[in-house]
Structure formats: C-alpha cells, structure tokens
Amino acid sequence: QNAVKMTLEPPKGLKANMIGSFQAFSDEFFAECKQATAYKKLCFSLCWFHAIMQERRKFGPLGWNIAYDYSNSDRDCCIKQLRVFLDKYETVPFKVIVQLSGDVNYGGRITDDWDRRTMNTLLVEYVCEEAMEDNYQFSADASYLNPPACKHSEYMEVLKTWPLQPHPEAFGLHENADITCAQNEVKGLFETILTLQPRVSTG
C-alpha cells in the first residue's frame, strides 16, 4: 500500500511559536470571556508556557530528561479550561488552573519525576497573581514580558519585536546550554546528510 504522511511541526523559536499561537486568536475571541483582561493576560502566559515546553527539547537532557511531543491540542485544552473558570468565578482560580494545566494536560505525558517537577516550577512562575501585572518578566531575559492587555493586533506587533534567537536564560538555563544545543543541531544535520548519500554496494 502507498500512502502520503503529512505532519505539522511546531515553529522553531519562542518568537515564531508565540506568533503561531496568537494568530489563532482575535479581539472577538477575548471579548467573549466575562473577565476579558484576565483572559488576555493568562492566554499569553499559557502560550508562553507552551512555547517553553516545546523549545526546551532542543537542549537535550538539559531541557528534559525525556523528549515529550507536546501538541497544539494541549495548549488549546488549557485555554478552553481557562475560559470556563474565568466565566464561572469572580476571581481567578490560579491554583486550579495550574493543577489542571500542569498535572493533567501537560503532565499526562510526563513519565520522569524530575521533568514533572521542572514543569510545575515553570508553570507556577507564569500563571500567578504577579503575571497579571503589566510587563511582568517571565524570566531573567528582560526581552520577554507579558504586555499590558491590548488589542489582538497590538499583541502581534509586540511579538514581532522579540529577538529571533532566544537566550538560554529565557528557558531558565545557563548560557552554556547553547553549546549543547548547537552540538545537537549540527549532529542532527550531518546525520540527515549521511542518510541522503547514495548507498554503494560492492560485489
């Protein structure tokens, strides 16, 4: 049987990943929530968390002990749950959102205890009361801030100003992690090139 398999790879880099996530939103999408401002801020935080979860894989064991395949459905499920809780409660139930997003949606794929601990530590930094403040800094890299709640087009303009090449500090890693990342990318490149070489058999 012959078949064609198509896969959708996540955009490479935090900037491209965030732009890809936010392209699916609109002003009408945010306005449908009763707590529109909180919805915007926490949607941004959850999209950032999703991008970090995917991009840490490029650092090999420094990022995750086991490389997990997170998809857009994980992010979308978290955002749908967020909408339900914001419509249901007057205040933002941060603990419930963290528990569902971390231990259930993303944590359902995690099998390593240290990976789970790392994931929960990151999520608590992004989904918290402090993240509701304007220009909340996600990491030691001051380039990545949670902007004030604004229109969808303004969010996209902010994301376009982000650096193309993220610094390891954005992921909570030491700057030397870039060395491991570069080595992994070069190794993968050469392995791909070698598989394209014609196989010559001698007989």
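The values are calculated or read from the model by the stated rules, or taken from the named source; none is laboratory data. If you're wondering where the values come from, they're calculated on a predicted model, not measured in any experiment. As a convention, Cβ positions derive from the backbone with ideal geometry for all residues, glycine included, and neighbour counts pool all protein chains shown. The protein model used for the area step is the full one, side chains on, heavy atoms only, and it has no ligands, DNA or RNA in it. Shrake-Rupley method; radii C 1.70, N 1.55, O 1.52, S 1.80 Å.
May I ask you to list the residues in the stretch 135-152 that are in a loop (DSSP other than H, G, I, E, B), of a type in the set (S, T, N, Q) and closer than 22 Å to Met53 by Cβ?
Ser139, Ser143
Tell me which helices (runs of 4 or more DSSP H) are completely within the stretch 1-65 and hold 2 or more residues being in contact with a strand residue (DSSP E or B) (Cβ under 6 Å, 6 or more places away or on another chain), of a type in the set (D, E, K, R) and surrounded by 13 or more Cβ atoms within 10 Å (Cβ to Cβ), or say none if there are none.
Correct list: empty, since no element meets the threshold.
Could you please tell me which pairs satisfy a Cβ distance under 7 Å, a separation of 6+ or placement on different chains, a first residue in the stretch 72-96 that is closer than 15 Å to Tyr39 by Cβ and touching a residue at least 12 places away in the same chain (Cβ under 8 Å), and a second residue that is surrounded by 11 or more Cβ atoms within 10 Å (Cβ to Cβ) and among the β-branched types (Val, Ile, Thr)?
Leu82/Ile97; Phe85/Val96; Phe85/Ile97; Leu86/Val92; Phe94/Val127
Restricting attention to the stretch 73-86, does a residue exist that is open to solvent by 10 Å² or more (accessible area, probe 1.4 Å) and in a loop (DSSP other than H, G, I, E, B)?
No - not one qualifying residue is present in the stretch 73-86.
Among the acidic types (Asp, Glu) and open to solvent by less than 30 Å² (accessible area, probe 1.4 Å), is that true of Asp103?
Here the answer is no, as Asp103 does not meet what is asked.
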